[in-house]
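Student: Dropping the structure in here first, questions after.
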C-alpha cells in the first residue's frame, strides 16, 4: 500500500483540481468548552477565533447563544471580528433559542444557525418526553423559523446514530424541505463504528430524495476512540463537512481531532482524494493556544501535536531518520508548524531578530506586548544557555495570558528542605497596591498558595495542579497549569518560568485573575447542549 508523503495517488484517484473539498467545522469554543474545566474567557475566545480564521477554518461555532450571557457575548464579539469564516451559533428547536442565536449573529458577515433536536427512541422518550410526530413537527417548525432569519441553516438529529433509519430519513428530508442547507449526523455518544457509519451515510444518500440539496455533515464523539475513524469513513461515504475540535477537546472522551482529520486527508490523499482549506502550518500554534487557554495539556504521544509526535529515540529509528526522514516520518514537522532548528535565539539576539522569529512561529505582537516579551526573553537567555522555539512559545503565551491582570506577583522567596517547615515570603500587587505576607504549608507550593490566599482572600477550590517541562534539561522552563472552582465557576491558569515555584505562583494568580473576570460577568448556568 502506498504511504509516502511524496507518493503518487492511487490509480483511481482524481486530479487535485477535481477533488471535492471537505468543509471543516470547528466547535472548539462550543462543544470543546463543554469539557469540565475547559471554560474560556471572552478574550481567549476572540484569540482562538482569530487563529482559527487564519488557519482557514470554514465554519466557527462560537457558542450556544441562549446558554448564558457569556456565550451570547462570545458569539456576538466573534461575529464582529471574523470576516472570512462562517460564524455559527447553536440553538435548540425552541423559538427563543433560535431568535437568541440570530440576535447574537447579527454582526456576522457570514452567519449560520445550527439547530437540533433529539431523534433516537431513547432520547425522545426519556429526555424530551415527546412523540415522534411531535419531534418531526418541531424539526419543520424550527428549521423554517431559522431559515426566515438567516440564509444558512444547519440541522442535527441529536443521537443520530441510534435513531431508527425510517425516522431519520423522514426528519432529514423534512429539514431539507424546510430550508436546511447542511444536515449534520451526530454520533452523540460515540457509539457507532466506521462500517456502521459508512452504511448510515450511504443509506441517507440513497433513501432521502432531496439529499442532493444539502451538504451532509458528521459530528463524532470519541467514547470508543473511533471519532476520527468514523468521521473519515463518513467522508468516504459522501459526507462533505466534518465537525471537530482542536486537540480533540470535548465532553467525556472528546470529539474528533481536527488536526488528525486534516492531516489524514493531506497525508493519505490516495485513500482520501479530497481537499480542505486548512493551512496546516498553523496547526501547532492552534493546539498550543487551546492547551494554554483550557489548561488541558496535550499528551506527549498524541497524534500530530504531541511532544513525541516527531521524536525518535530508538537507535534503529534514529539511524533510519539520518539516512532518509521518510523512513519513520509520514509527514514533515514543518507541515504542521514545527521547525527543525535547535538553538534559534540567544542572549546576543536583537529585538528585530526576536520579532522576526516570533512571526515565524505565528505570533504578531503589538509594541507594548513585544517590548514586554523581549525583556522577558533577555532574562530567560541570561539564565538558559539554549533557547528553543518551545521556550519562546511558552514565554509569549505566558506573557499574553497576563495581560490586563489585576493581581501581579512582584516578589517570591522560599525556605524549604529536609527537616524544615516550608515557608513562602510573597509580595503581590493588587489593583495597583502592594502587599506582602509570609505563610507556611505542607510543601513549597502549598505555602505559596496559602500566601496568595492570605493577601487575596477567596473561596476557590484547587481542582488541578500540573507541572510539565517545556524543553529538556535542568534549565528547562516549567509549564504549570492550575484549575480553580468557585460557586460552580471553573477557570484555568497557566504560568511558565525556569523557576517552577515562580511558574506555580503565576499559574495560580492567572486563574484568580480569570475568576475575577467571571465574577464581574456572572451568568446563569449553561444549558445542556447537543453532544
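The values are calculated or read from the model by the stated rules, or taken from the named source; none is laboratory data. These figures come from a predicted structure and were not determined experimentally. When we count neighbours, we look across all protein chains shown, and the Cβ atoms used for this are built from the backbone with ideal geometry, even at glycine.
Student: Identify, please: which residue in region 52-100 is without any contact (Cβ under 8 Å) to a residue 60 or more places away in the chain and part of a loop (DSSP other than H, G, I, E, B) and is, among those, surrounded by the most Cβ atoms within 10 Å (Cβ to Cβ)?
Tutor: Out of the qualifying residues, it is 65.
Student: If you take just the strands (runs of 3 or more DSSP E) that sit entirely in region 356-458, which of them hold at least 1 residues that are at pLDDT 80 or above and under 19 Å from residue 493 (Cα atoms)?
Tutor: Values: elements: 407-417, 420-430, 433-440.
So the answer is 407-417, 420-430.
Student: Write out, first by first residue and then by second, each pair whose Cβ atoms fall under 8 Å of each other, whose residues are 6+ apart or on separate chains, and whose first residue, in region 420-432, is assigned by TED's automatic domain parsing to the domain that holds residue 442 and closer than 14 Å to residue 452 by Cβ while the second is surrounded by fewer than 16 Cβ atoms within 10 Å (Cβ to Cβ) and modelled with pLDDT under 90.
Tutor: 430/406
Student: Another question about this same structure. Among the residues of region 236-248, how many are in a helix (DSSP H, G or I) and surrounded by fewer than 24 Cβ atoms within 10 Å (Cβ to Cβ)?
Tutor: Step one: of region 236-248, the residues in a helix (DSSP H, G or I) are 236-237, 246-248.
Now restrict to residues that are surrounded by fewer than 24 Cβ atoms within 10 Å (Cβ to Cβ): 236-237.
Qualifying residue count for the region: 2.
Student: Another question, then. Give the residue, chosen from 316, 330, that is part of a helix (DSSP H, G or I), at pLDDT below 80 and outside the structural domain of residue 283 (by TED's automatic domain parsing).
Tutor: Details: 330 fails: part of a helix (DSSP H, G or I).
Within the list 316, 330, the selection yields 316.
Student: Let me ask something else. State all residues of region 127-148 that are out of contact with any strand residue (DSSP E or B) (no Cβ under 7 Å at 6 or more places or on another chain) and under 19 Å from residue 106 (Cα atoms); if no residue qualifies, say none. Before the answer, list the steps.
Tutor: Initial filter on region 127-148 (out of contact with any strand residue (DSSP E or B) (no Cβ under 7 Å at 6 or more places or on another chain)): 129-134, 136-137, 140-141, 144-145, 148.
Listed by number, the residues that qualify are 144, 145, 148.
Student: Any idea how many residues of region 268-308 are assigned to a loop (DSSP other than H, G, I, E, B) and at pLDDT below 85? Walk me through how you get there before you give the answer.
Tutor: Let us first name the residues in region 268-308 that are assigned to a loop (DSSP other than H, G, I, E, B), namely 268-273, 276-279, 295-308.
Next cut, at pLDDT below 85 only: 295-301, 305-308.
Count: 11.
Student: For region 159-179, give me each residue that is within 17 Å of residue 90 (Cα to Cα) and assigned to a helix (DSSP H, G or I). Reasoning before the result, please.
Tutor: Kept after step one, since they are within 17 Å of residue 90 (Cα to Cα), are these residues of region 159-179: 159-160, 175, 179.
Answer for region 159-179, where residues must be within 17 Å of residue 90 (Cα to Cα) and assigned to a helix (DSSP H, G or I): 160, 175.
Student: I would also like to ask the following. Which condition from (1) surrounded by 19 or more Cβ atoms within 10 Å (Cβ to Cβ); (2) assigned to a helix (DSSP H, G or I) is the one that residue 156 breaks?
Tutor: (2)
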